[in-house]
Each structure stands twice: as structure tokens, then as C-alpha cells.
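The values are calculated or read from the model by the stated rules, or taken from the named source; none is laboratory data. The model shown is predicted, which means the values in this text are computed figures rather than measured ones. Every residue, glycine as well, gets a Cβ built from its backbone with ideal geometry; the counts of neighbours run over all protein chains shown. For accessibility, only protein heavy atoms count, side chains too; no ligands or nucleic acids. Shrake-Rupley method; radii C 1.70, N 1.55, O 1.52, S 1.80 Å.
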Amino acid sequence: MLEFIIALLILSGTLVIVLIIIAFQRYSSPLTLSFTAAILCAGIWDFGFVTEIISPTLEGKIFWANIKFLGITFLPLAWLAMTMYSTAQPRQNLRIIPALAMISVVTNIVIWTNPYHHIFRLNPSINTIGVPFPVLVNDFGAYFYAVHVPFGYFLFVASFSILIHSWKQTSIIYRRQRITLILSLF
């Protein structure tokens with residue numbers, strides 16, 4: 001079972017790498033760059049999860065989970081940027097992206113310094129009972145629930161709202177693209 005899960009994750013990671021290469025070769029706009037960033041975040045998440053699964057120690061699992069969170073924390077932001085560029089938002093609206101990025105940066109600082117304050121993870125452990133492989137039990141703390149999760153969902157809801165609003169105002173030719181992005185959010 002574990003081998004099958006790892007094989008699927010490696011396959012998805014390989015597809016992500018192919019998408020990154022294709023997108024990067026066609027780099028010509030901020031939209032392409034934000035799409036590449038979103039795909040890169042998904043790839044980091046995938047790679048971090050695979051290595052977290054196969055890591056045998058608690059310290060190793062936490063290290064790779066922290067790597068995974070680099071992708072997780074920046075993915076909603078990259079998705080919002082991609083949404084804003086694909087819907088041709090006014091330039092002043094795009095100025096918020098660097099400010100929002102600071103929350104993702106702070107979140108990663110909190111994650112990597114967790115052993116000193118325990119506000120992201122309280123008492124992580126490994127569960128081996130009734131699971132196909134040893135699973136990291138993060139035991140998330142206040143920062144995870146009060147900042148990280150609401151912020152990520154806020155960015156995805158903002159992206160969804162922008163896409164819905166733009167869907168109504170766009171020509172039929174581009175509506176399929178909007179629907180594809182909306183469905184991708186789910």
C-alpha cells in the first residue's frame with residue numbers, strides 16, 4: 001500500500017516538474033510567472049509529503065513537513081496572484097500581493113522556529129496504529145488555527161470571488177478558462 005501511495009505521489013510530482021518546465025519556457029508575462037509559482041508550490045508540497053512519509057524518525061518527519069509547508073503556505077498566495085493576473089485586475093489591486101506574502105513568510109518563520117515557542121505544533125508524535133505507514137501527528141497549535149488556516153482559506157475565497165465576478169463579465173470564449181480555474185479551487 002505504501003509503495004502505491006509513494007508511486008502516485010512521485011508521478012504527480014513528475015507531472016508538476018513537467019508543467020513547471022513547460023510554463024517556464026513560455027515565460028512572457030506575470031500570469032505565466034504566477035502560474036509557475038502556484039505549480040512550484042504544489043510540487044514542494046508533494047515532494048515534502050513524499051519525503052515525510054518515507055522518513056523513519058520524528059525529527060525527519062517534522063523537517064520534511066516543514067519543507068511541505070513552504071509549498072502549502074505560499075500556494076494560496078500564488079493562486080490569488082494567478083487569478084488576479086488572469087482576470088486583468090487593476091494594477092493597484094495587485095500591489096497587495098507583496099503585503100500578503102509577508103504573512104506567508106512570517107508563518108514559515110513560526111513553523112521553522114516552533115521548537116522555541118510551540119505555537120505552531122504543540123507535541124508532535126508518530127502514529128503507527130491502524131495506518132499503512134508511520135504518520136506524523138502534528139498536534140497543531142494556536143498559530144495554525146488562528147492564522148495559517150484562516151489566511152489560506154481567505155485567499156482561496158478571494159480567488160473564487162474574483163473568478164465568479166469576472167465570469168459574469170467575460171466573453172464566452174474565456175468563460176471555460178474561468179470555470180476550469182473555479183473547479184481547480186475545489
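Considering only trypsin sites (Lys or Arg not before Pro) in DSSP loops that have at most 12 other Cβ atoms within 10 Å, the longest stretch of the chain without any of them is 96-186.
Are there chymotrypsin sites (Phe, Trp or Tyr not before Pro) in the range 20-79 that DSSP marks as loop and that have at most 10 other Cβ atoms within 10 Å, and which are they?
Here no chymotrypsin sites (Phe, Trp or Tyr not before Pro) fit, given the DSSP loop and packing criteria.
Against the chain, whose longest principal axis comes from its Cα atoms, helix 149-169 is set at around 20 degrees. Report the far tail of the P(r) of the range 146-186, meaning the percent of Cα-Cα pairs longer than 11 Å. Summing the P(r) tail past 11 Å for the range 146-186 gives 64 percent. Rolling a 1.4 Å probe across the protein heavy atoms gives the chain an accessible surface of 59 Å² per residue.
Between 0 and 90 degrees, the angle of helix 2-25 with respect to the longest Cα principal axis of the chain falls at about 30 degrees.
For the chain, the longest principal axis of the C-alpha atoms and the axis of helix 172-185 are separated by about 10°.
Across the range 1-128, Cα pairs under 8 Å and at least six residues apart give a relative contact order of 22 percent. What a 1.4 Å probe finds exposed on the chain is 73% carbon and sulfur by accessible area, rounded to a whole percent.
Note on the chain: with a GNM built from Cα contacts shorter than 10 Å, the maximum mean-square fluctuation among Ser29, Ser166, Ser125 falls on Ser29.
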